[in-house]
1. Which cross-chain or sequence-distant (5 or more) residues have an amide H under 5 Å from the amide H of A:A160, H modelled 1.01 Å from N in plane?
2. Suppose every Lys and Arg Cβ carries +1 and every Asp and Glu Cβ carries -1, with no other charges. What dipole size does the protein assembly as shown come out with about its Cα centre, to the nearest 20 debye?
3. Just tell me which aspartates and glutamates come within less than 15 Å, Cα to Cα, of B:K307; anything on the same chain fewer than 8 places away is out.
4. Using alpha-carbon positions, what is the distance between the centroids of the range A:130-193 and the range A:1-56, in Å?
5. Hey, got the average number of other protein chain Cβ atoms within 10 angstrom for residues in B:304-314?
6. Per residue of A:292-304, count partner chain C-beta atoms within 10 Å of its C-beta, then hand back the mean as an integer.
7. Could you please tell me the mean projected area of the C-alpha convex hull for the range A:18-107, averaged over all directions and given in square nanometres to one decimal?
8. Full-extension gain between A:F254 and A:A106, please, as 0.36 nm times their residue separation minus the C-alpha to C-alpha distance.
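Derivation of every value follows stated rules applied to the coordinates shown; laboratory data play no part. Keep in mind it's a predicted model, so treat the numbers as computed, not measured. Here the Cβ positions follow ideal geometry from the backbone for every residue, glycine too, while neighbour counts run over all protein chains shown.
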Amino acid sequence: MTLLYSDVEEELRSAVRSLLADRCPPSAVLKRVESDQPYDLDLWKTLSREIGVAGLLVPEEYGGAGASAREAAVVLEELGRAVAPVPFFTSSVLATRALVSLRDPAARVGEVLRGLAAGDTIACLAVPFSTAPLNPSPARTTEVLGMRDGGPVVTASVAAVAGADIADLFLIPLDGALYLAESASAHVEAVPSLDMTRPIAAVVFDAAPVTPLGAVDLAEVLRFGAALLASEQLGVAEWCLEETLAYVKQRYQFARPIGSFQAIKHRLADLWLDVVRARAAARNAVAEDSPVAASTAQAWNAGVAVHAAEEAVQLHGGIGMTWEHPIHLYLKRAKADEIALGTPGDHRAALASLVGLPGPQ
Amino acid sequence: MIVSMDEADIKRRIADFLAEHDPSGDRLEFLRARFDAGLAWVHFPEGLGGLGVSRDLQQVVDREFAHTPQLDYGVQAIGLGMAAPTILAFGTEEQKKRFLRPLWTGEEIWCQLFSEPGAGSDLATLATRAVRDGDEWVVDGQKVWTSGAHHARWGILVARTDPDVPKHRGLTYFVCDMTAPGVEVRPLRQITGEAEFNEVFLTGVRLGDDLRLGAVGDGWRVAQTTLMNERVAIGGAPVRRGGGMMGILLDTWRDHPELRTHDLHQRLLALWVESEVTRLSAVRLREQLRAGQPGPEGSGMKLSFAKLNQALTGLEVELKRDLTYDDWTFRRSGTVDFLGRGPGYRYLRAKGNSIEGGTSEILRNIVAERVLGLPGEPRVDKDVPWKDLPR
């Protein structure tokens with residue numbers, strides 16, 4: 001177990017980073033979120049087909065790379081740095097993990113995984129993005145399994161699903177089993193979202209025909225996602241820190257770069273220290289692969305990403321409040337990520353039982 | 001120089017050594033022999049207690065010697081952590097031969113004569129004067145926050161040898177003979193009640209020129225070596241998950257359900273997370289060092305350590321609702337143990353963690369300027385001779 005990056009991981013990082021630098025600068029992301037198609041599907045094709053990120057977590061027998069969470073985490077760091085509007089986290093991490101971890105998988109699963117690995121299809125786990133791993137709250141959705149024309153159908157209404165509006169396939173967890181529904185049989189209603197680079201949608205299944213895929217441990221899938229989300233949060237925080245450092249070095253007031261004032265230097269030194277620790281937490285979350293490591297990383301990194309984005313806005317002064325500067329994309333992503341897969345408070349509460357620190361009776 | 005020595009070679013060498021030297025015999029004889037065999041600090045050169053091999057192998061050595069007489073790391077901390085690396089880097093061959101062996105065995109204790117009443121964070125402005133008199137230097141001044149000065153044989157001393165040049169350039173580094181006439185050590189009582197530190201008054205103290213470490217006027221550069229090692233020593237020790245100061249607090253929490261409140265629970269969990277990610281950073285930093293990729297992360301470790309220690313000890317006193325204090329007696333303390341004594345002592349002692357070895361404010365400046373590349377504050381004292389600075 002190591003908390004460092006391997007050479008292979010660094011190669012993957014530089015491939016993703018140079019593609020994003022070329023095709024996904026913040027100005028392009030800003031333009032795109034104002035358009036009808038918030039996702040960059042051309043970029044996604046290149047990422048999934050040329051670099052192979054869509055199949056990272058898919059086993060080799062289904063055309064994937066059979067890589068570990070460590071490699072996926074490095075991709076997420078880079079996608080976070082670019083707030084790239086691609087469905088990697090929702091399709092290639094969450095949905096793919098749900099499929100790969102199925103017990104007694106149905107025959108159809110192999111075919112679905114092949115489509116995902118090839119980048120031909122995009123899948124979406126039909127749960128509210130805010131669902132916390134420790135207690136996947138069924139209260140947020142209403143789901144009913146029935147029969148029609150000899151086949152199973154699902155009736156459900158799921159709020160705030162991330163990555164739903166571009167999904168070809170939905171994976172519906174219901175009573176410990178996972179069901180597949182085609183997007184054509186779902187009503188997907190995009191809603192104005194705080195995070196414009198990963199919008200949410202309400203998804204309604206009205207007696208939608210489904211295929212049972214096998215038994216799923218939803219909490220484990222969400223925990224896996226939470227562990228990996230920490231790397232995206234690290235990427236967001238890193239960009240905010242670097243962008244702010246560059247700005248305070250060249251912004252002059254009182255005939256000095258504002259970065260020479262201790263009031264600013266000390267805040268950035270503290271922020272750097274938070275980011276250093278976020279890197280250790282993110283690496284440990286994928287190296288140790290335990291509920292404690294995942295919740296520790298979420299409890300820390302979610303706050304660090306938000307704090308880094310808030311510091312970036314403040315230390316950029318007026319320009320930080322403008323629509324024109326891309327910082328707000330990072331602030332919105334960081335704040336949405338803080339809620340995604342459990343808030344820091346949810347994860348601290350999880351740790352209380354995981355490490356044996358009960359509260360008052 | 002033995003360049004290609006691996007773990008097995010070292011173990012064999014230690015086994016041979018232990019076959020010849022009985023660890024249950026005379027402690028000092030054993031330690032001296034261990035030094036002479038190059039098994040003291042193996043990354044030091046041969047003849048100076050080492051074998052000139054990689055520092056990584058020291059953990060093997062420490063493990064193999066775990067059942068034998070140990071050094072007193074508390075009392076010897078300044079010698080081992082600060083004086084030794086400085087002597088190794090800047091000392092003459094005679095100085096290395098003279099000082100390192102008794103330093104390591106603990107026969108001679110070292111203290112640090114850097115800070116002064118008028119020179120704390122701005123150490124380079126220090127006023128203790130050393131004036132040359134033939135082959136000797138005559139030293140006059142006052143030093144402060146000197147741990148262990150009362151049992152030290154030697155002190156590492158920075159003094160001003162040229163007041164007519166800007167402050168950083170007029171300093172020279174010496175080894176101070178603490179038994180020399182004119183050295184007076186007075187205990188300095190702290191907020192904990194005890195005296196861990198001293199004031200040291202130097203009045204007409206005569207030091208031979210052979211006690212000078214590095215060139216005349218080069219004292220600032222020599223002192224940097226000492227200070228970098230001090231910060232590594234203070235911030236460096238990683239503990240297991242839920243260990244160290246956090247472990248003490250967790251034991252209290254688990255043993256006393258009647259003391260728990262919702263507010264304390266929230267704060268405890270937040271501190272647990274911060275302790276854990278700080279610990280993970282220390283683990284990662286150690287991995288980087290082992291892999292030969294030293295990162296700038298080390299500069300921040302002492303900052304996090306100080307902040308956490310203060311928060312944890314403060315929470316412990318509050319959790320226990322403890323209005324008592326174990327002992328206010330004014331006495332000298334032999335060694336420093338941040339984890340020792342009662343919660344009140346730990347709380348008060350932790351206040352020093354953000355001051356000693358570079359205040360947290362100075363460390364933030366160092367991180368900001370050296371790691372993040374931010375511009376320095378405008379310096380009004382940069383080109384002004386030291387004697388003309390306002391004081």
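1. So A:A160 has HN proximity to A:A201, A:A202, A:V203.
2. It comes to approximately 1460 debye.
3. Qualifying aspartates and glutamates at Cα under 15 Å: A:D270, A:D274, B:E274, B:E276, B:E316, B:E356, B:E361.
4. Cα centres, the range A:130-193 to the range A:1-56: 27 Å.
5. Across B:304-314, the average partner-chain Cβ count within 10 Å equals 1.
6. Numbers: counts 2, 3, 0, 1, 7, 4, 1, 7, 7, 1, 0, 2, 1.
Across A:292-304, the average partner-chain Cβ count within 10 Å equals 3.
7. Values: hull surface 26.0 nm².
In nm², the orientation-averaged hull projection of the range A:18-107 is 6.5.
8. Working: separation 148, 0.36 × 148 = 53.28 nm, distance 6.83 nm.
Difference between extended and current length: 46.5 nm.
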